[in-house]
1. Below 8 Å, C-alpha to C-alpha, sequence gap of six or more: please give me the relative contact order for the chain in percent.
2. About its Cα centre, what dipole magnitude does segment 75-139 give when the only charges are +1 on Lys and Arg Cβ and -1 on Asp and Glu Cβ, stated in debye to the nearest 20?
3. Using the Cα centre of the chain as the reference point, and only Cβ charges (+1 on K/R, -1 on D/E), how large is the resulting charge dipole? Debye, rounded to the nearest 20.
4. To the nearest 10 square angstrom, what accessible area does Ile59 show with a 1.4 Å probe?
5. Contact order normalised by length for segment 113-177, with contacts defined as Cα pairs under 8 Å and 6 or more residues apart; what percent is it?
6. Taking the chain as a Gaussian network, Cα atoms linked when under 10 Å apart, which of Gly162, Gly152, Gly139 shows the biggest mean-square fluctuation?
7. Quick check: Cα centre of segment 128-142 to Cα centre of segment 50-101, how many Å?
8. Between Val157 and residues 5 or more places away or on another chain, which pairs have amide H atoms under 5 Å apart, with H built 1.01 Å from N, and which residues are they?
Amino acid sequence: MTSIAPAAPPAAAPADRALPRWSARACADADRAEVLALFTDPGFFFRTERPDTRPEWEIRRLLGDDTRVLRADGEPIGLYALEHEGSEHGCHYVLHLRLRSGTPTHWWRAAYREIVRALRWRHELVRLSVRFPEFDPAGLAFARSAGLTEEGTLAGVTTHEGRRRGTVFFSQVWAES
């Protein structure tokens, strides 16, 4: 005999697995204080390996016209920027992505998916590269858990805590359809 009782609703995701509502906008003067506050986090490696040592004028130089403020439920949580890699018609890009320290890895993955979805709406993507310092556990954990292809490490390009350290390259490639 089959039951005709209604199916139970799916279990809600645990609170720590819930995802915020994402939004982004071009970095503007109105965001100045919030963006500067992000760089007080010693693990906020947006276009620099030493964020909390930068004076304001250097931080402003790191923020190009391409920088966007990423918000989670309206609160600034990170920055991202897209730049061409190689010729402009090659459809190869570098994504500079940084979220605040302590941001859960599943939030990184969700933010990346939303950013890529938006980028693909505006650009043809063949290859998207992201790079993280060897000493960046949050960035490396995100890239590896997101299934990005780990391409290798360019050794000794920066000094961190008295040691020469490298940059780890990851990518995602889209096949021609």
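The values are calculated or read from the model by the stated rules, or taken from the named source; none is laboratory data. Just so it is clear, the model here is predicted, and its values are computed rather than measured. Glycine gets a Cβ as well: all are built from the backbone with ideal geometry, and neighbour counts include every protein chain shown. What goes into the accessible areas is simple: the full protein's heavy atoms, side chains included, and nothing from ligands, DNA or RNA. Shrake-Rupley method; radii C 1.70, N 1.55, O 1.52, S 1.80 Å.
1. Numbers: 260 pairs, mean separation 30.1, N = 177.
Relative contact order of the chain: 17 percent.
2. Here the size comes out at about 240 debye.
3. Values: 24 positive and 24 negative charges, 48 e Å.
The calculation lands at about 240 debye.
4. Ignoring ligands and nucleic acids, Ile59 comes out at about 10 Å².
5. Numbers: 84 pairs, mean separation 25.2, N = 65.
Here the relative contact order equals 39 percent.
6. Maximum among the listed residues: Gly162.
7. Distance between centres, Cα-based: 14 Å.
8. Answer set, sorted by chain and number: Arg165, Gly166, Thr167.
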